[in-house]
Amino acid sequence: MQPTANLSVIIPTYNRREYLLECLESVAAQRVAPHEVIVVDDGSTDGTIEAVERMAGVTLIRQANAGPGAARNRGAAAASGDYLAFIDSDDLWFPWSLEAMAALVEQHRPSLIFARFEDFDGDRPPVAVAQPVEGRVFVDFLASAGQGCFAGAGMMVVDRARFLAAGGFTEDGMNAEDHDLALRLGEAPGFVQVAAPVTVAHRVHPGNEMGDLGKTLEGLARLVATERANGYPGGAGRRRARRTVIAWHVRPAVVAAIRSGQLRQALGLYLATFGWNLWAGRTAFLLGAPALCLGRMLSGRPAEPRHQ
């Protein structure tokens, strides 16, 4: 049954022709048809444009290379659906993915949905089965602080009007733009984390943006700076929730930065969020990170490349 809420599918892409064609095939196989499918090409030179131009039922938007945030925003500005369903061009949906997300939209009318995903490496997506749709429902995103809710930018469904009102994704080329958007939508009514079924097969490969640790550290530093400048909604009453969310994202990045030899960046984030982690009772991290850092320094190993 076609949902009454229209979902526009937005796919940013840059030089991922073969992955994109697989992604579009998975979108075309949905049991519930999307309102529209918009591919935003971010300056590809690998034949992506020519391949998409031959496809029926897909709207192609072209732009000079400006990054995935700008591409997603360009697609959102052109969309006409009530909700925006983002998927990255190297990821895949299962036949029930849009149906599951549409069901949660129909039931809860949230401002924001995080998909449930599983990673896969190579060309064989994870084995998943259709299950009854379940969601963890919160009054807003900030109410989920401490619950470990996570999704990347290509795993979100967002109310289009609220997305546009919030200004969309940041376009500064750093990572963590997904966390930034979720925080800017922090008090928008209704947040759902998909509990079942798995809706996104996330492909892990060397070209993943989220695999660039340098960009991730820069993006997390931006979150911290924005929070300290009172740039997120909720005021003093929701401060602890916001800082709990940010600290949860910072912890694994600090550990990864120490292990890769990016000690200055790791120390900066560690100190900036020390009090926030102390509030959260993360003593194991607060004690373990300095010990790991000292071990790295004493080992005398050269720093690994900045971009991982």
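The values are calculated or read from the model by the stated rules, or taken from the named source; none is laboratory data. Not measured: the values here are computed from a predicted model. Methodologically, a virtual Cβ is constructed for each residue, glycine included, from the backbone with ideal geometry; neighbour enumeration extends over all protein chains shown.
Key figures
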item: So Val245, is it within 30 Å of Glu25 (Cα to Cα) and either at pLDDT below 95 or not basic (Lys, Arg) (or both); result: no
item: Out of Ala225, Ala188, Ala165, Ala221, sole residue that is touching a Lys or Arg at 6+ places or on another chain (Cβ under 7 Å) and either more than 20 Å from Val250 (Cβ to Cβ) or not assigned by TED's automatic domain parsing to the domain that holds Ala79 (or both); result: Ala188
item: Criterion violated by Arg238 - all others in (1) touching a residue at least 60 places away in the same chain (Cβ under 8 Å); (2) closer than 16 Å to Arg282 by Cα satisfied; result: (2)
item: Close pairs (7 angstrom Cβ cut-off, 6 or more residues apart or separate chains): in the same structural domain as Val198 (by TED's automatic domain parsing) and at pLDDT 95 or above in the stretch 104-116, in a loop (DSSP other than H, G, I, E, B) and of a type in the set (Phe, Trp, Tyr) anywhere; result: Phe114/Phe150
item: Filtered residue count, the stretch 153-197, keeping only those that are surrounded by 21 or more Cβ atoms within 10 Å (Cβ to Cβ) and either β-branched (Val, Ile, Thr) or assigned to a strand (DSSP E or B) (or both); result: 8
item: In the stretch 45-69, residue surrounded by the most Cβ atoms within 10 Å (Cβ to Cβ) [restricted to those that are touching a residue at least 40 places away in the same chain (Cβ under 8 Å) and assigned to a loop (DSSP other than H, G, I, E, B)]; result: Gly67
item: Any hit, the stretch 121-128, residues being surrounded by 16 or more Cβ atoms within 10 Å (Cβ to Cβ), at negative phi and within 15 Å of the chain's Cα centre (by Cα); result: no
item: Matching residues, the stretch 39-59, being over 13 Å from Leu21 (Cβ atoms) and among the aliphatic types (A, V, I, L, M); result: Val40, Ala56
item: Positions within the stretch 75-85 being more than 14 Å from Ser26 (Cβ to Cβ) and touching a helix residue (DSSP H, G or I) at 6+ places or on another chain (Cβ under 9 Å), in sequence order; result: Ala76, Ala77, Ala79, Ser80, Gly81, Asp82, Tyr83, Leu84
item: Residue check for Val255: under 24 Å from Thr283 (Cβ atoms), modelled with pLDDT of 95 or more and under 18 Å from the mean Cα position of the chain (by Cα); result: no
item: Residues (in contact with an Asp or Glu (Cβ under 9 Å, 6 or more places away or on another chain) and among the charged types (D, E, K, R)) located in the stretch 92-111; result: Arg109
item: From the options Gly75, Gly81, residue that is closer than 15 Å to Val37 by Cβ and in contact with a Ser or Thr (Cβ under 6 Å, 6 or more places away or on another chain); result: Gly81
item: Residue match in the stretch 79-86 (condition: surrounded by fewer than 19 Cβ atoms within 10 Å (Cβ to Cβ), in contact with a His (Cβ under 7 Å, 6 or more places away or on another chain), within 20 Å of Pro189 (Cα to Cα) and at pLDDT 95 or above); result: yes
item: Residues of the stretch 23-41 satisfying the condition of being touching a residue at least 24 places away in the same chain (Cβ under 8 Å), surrounded by fewer than 18 Cβ atoms within 10 Å (Cβ to Cβ) and either touching a helix residue (DSSP H, G or I) at 6+ places or on another chain (Cβ under 7 Å) or assigned to a helix (DSSP H, G or I) (or both); result: Ala28, Arg31, Val32
item: Residue in the stretch 198-255 that is surrounded by the most Cβ atoms within 10 Å (Cβ to Cβ), counting only those that are in contact with a Leu (Cβ under 7 Å, 6 or more places away or on another chain), part of a helix (DSSP H, G or I) and not aliphatic (A, V, I, L, M); result: Arg242
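Matching residues to (1) within 18 Å of Gly152 (Cα to Cα); (2) in contact (Cβ under 8 Å) with a residue 24 or more places away in the chain; (3) in contact with a strand residue (DSSP E or B) (Cβ under 6 Å, 6 or more places away or on another chain); (4) outside the structural domain of Glu171 (by TED's automatic domain parsing):
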position	(1), (2), (3), (4)
Gly43	no, yes, no, no
Ala85	yes, yes, yes, no
Arg124	no, no, no, no
Val129	no, yes, no, no
